[in-house]
């Protein structure tokens, strides 16, 4: 399948949806604290989405039972927000997708709950910085491999591993369109970046080994060695000279 190039009008709709999504994350960041259940965060995110005249993208997608992915500590992504009550020291990944006027946007952040370890602080800081370093590599006529190499080299120089089993993706009329954006690779390889492309960049970085497995709930992806992980994600649109972050807070 061909990669879908978006028009100015389509990107405008995604920009509007991205702003709404960023608003949801501003509220979630404030609400994520010790004593709050993951289920409560899911309820909050869903309620705000509908209030903003948009729809949660993940609910019932491939049978996922919630609107928010809430991933704690060794859970890398796709954590199901059930009755777990957040506690001091937890590392919480929040991932939420939005459908607005027929177009999707997708975003993720990782936050520390209360006082977290120095290791957790550094992991979160590194993962967030890896995302923004990678975004700088998005320019027409560059390649997806330039993005992938940027994330991998940045993480590994700091002693971390990148998860290889999961990737960023094209996005637009579908939540997952025909483009893979890995977190590891070589410069100059992969698809050529073209103006009008829209896709997600989402480094998933772990303290230990890169190996992951599916959790007992069939949805969550967890580190095999039980080490903590962090995840940040933005939806971007390729412009004439670089890219625009559509989900910018």
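Quick look at the values:
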| read-out | value |
| --- | --- |
| Lone qualifier among 115, 137 - being touching a helix residue (DSSP H, G or I) at 6+ places or on another chain (Cβ under 6 Å) and part of a loop (DSSP other than H, G, I, E, B) | 137 |
| Output for the range 41-57, where each listed residue is in a loop (DSSP other than H, G, I, E, B) and free of Cβ contacts under 8 Å to residues at least 60 places away in the same chain | 52, 53, 54 |
| Residues within the range 66-81 that are touching a residue at least 60 places away in the same chain (Cβ under 8 Å) and part of a loop (DSSP other than H, G, I, E, B), tallied | 5 |
| Strands (runs of 3 or more DSSP E) contained in the range 196-249 and holding at least 1 residues more than 24 Å from residue 81 (Cα to Cα) and modelled with pLDDT of 95 or more | 198-201, 234-238, 243-245 |
| Subset tally (residues that are within 19 Å of the chain's Cα centre (by Cα) and touching a residue at least 12 places away in the same chain (Cβ under 8 Å)) for the range 190-214 | 14 |
| Odd one out for residue 183, checked against (1) surrounded by 15 or more Cβ atoms within 10 Å (Cβ to Cβ); (2) part of a loop (DSSP other than H, G, I, E, B); (3) out of contact with any strand residue (DSSP E or B) (no Cβ under 9 Å at 6 or more places or on another chain) | (3) |
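For every residue, the table says whether it meets (1) over 25 Å from residue 100 (Cβ atoms); (2) surrounded by fewer than 24 Cβ atoms within 10 Å (Cβ to Cβ).
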residue: 205; (1), (2): yes, no
residue: 211; (1), (2): yes, yes
residue: 224; (1), (2): yes, yes
residue: 238; (1), (2): no, yes
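The values are calculated or read from the model by the stated rules, or taken from the named source; none is laboratory data. Bear in mind that the values here come from a model prediction, so they are computed numbers and not experimental data. Note: ideal-geometry Cβ built from the backbone for every residue, glycine included; neighbour counts use all protein chains shown.
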